[in-house]
Amino acid sequence: MKTQFSIQSALVAGLAATAAMTAFTFMAPLMGFEMNIPQMLAGTMGAPIIAGWLAHFMVGLILAIVYAVIFLPKLNKDATIKSGALFGIAPWLLAQLMVMPMMGLMSGGSFVSGLFSGSVLIAMASLIGHLLYGTVLGFLYNPHTGK
């Protein structure tokens, strides 16, 4: 079975999914904590905030392509809300078990202190954000459109 792929649809869905996740993070201060991904990325890179925004959206676009090119064909699944939400768990785990601990090390902390964002509350909020990302991605991605 040859699976189809649409780079245009993957990029549009990835952009929308990243925007949805970002909008969710703007609500974090209402829950009593900060989840400013672009600021965190820029700080880790020692770069201006625009670099953090570009890195954040670039990761979202790359993940959308991974979803379309690797995840869906490997599972022999169609793009759906369910498959997208399932996919969202993978980058969340990667972030909690590798990215956040490495960022903690880079800012002078320990690897262990960065595991699961150093807080169950923040890790769960991050999970919700990644599930939202995946849900929007699965809802919007259509391999039968564009190129």
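The value given for the chain is a Kirkwood hydrodynamic radius of 15.7 Å, derived from the mean inverse Cα-Cα separation. To the nearest ten degrees, helix 49-66 and the longest principal axis of the Cα atoms of the chain are 40 degrees apart.
Roughly what angle does helix 120-140 make with the longest principal axis of the chain, taking Cα atoms, 0 to 90 degrees, to the nearest 10? So the helix axis and the longest Cα principal axis differ by about 20 degrees.
Here the Karplus curve 6.51 cos²θ - 1.76 cosθ + 1.60, taken at θ = phi - 60°, turns the phi angles of the stretch 16-22 into couplings of 5, 5, 5, 5, 5, 5, 5 Hz, with x standing for Gly and Pro.
No value in this document is a laboratory result; all are computed from the given coordinates. Worth saying up front: this structure is predicted, and the values here are computed from it rather than measured.
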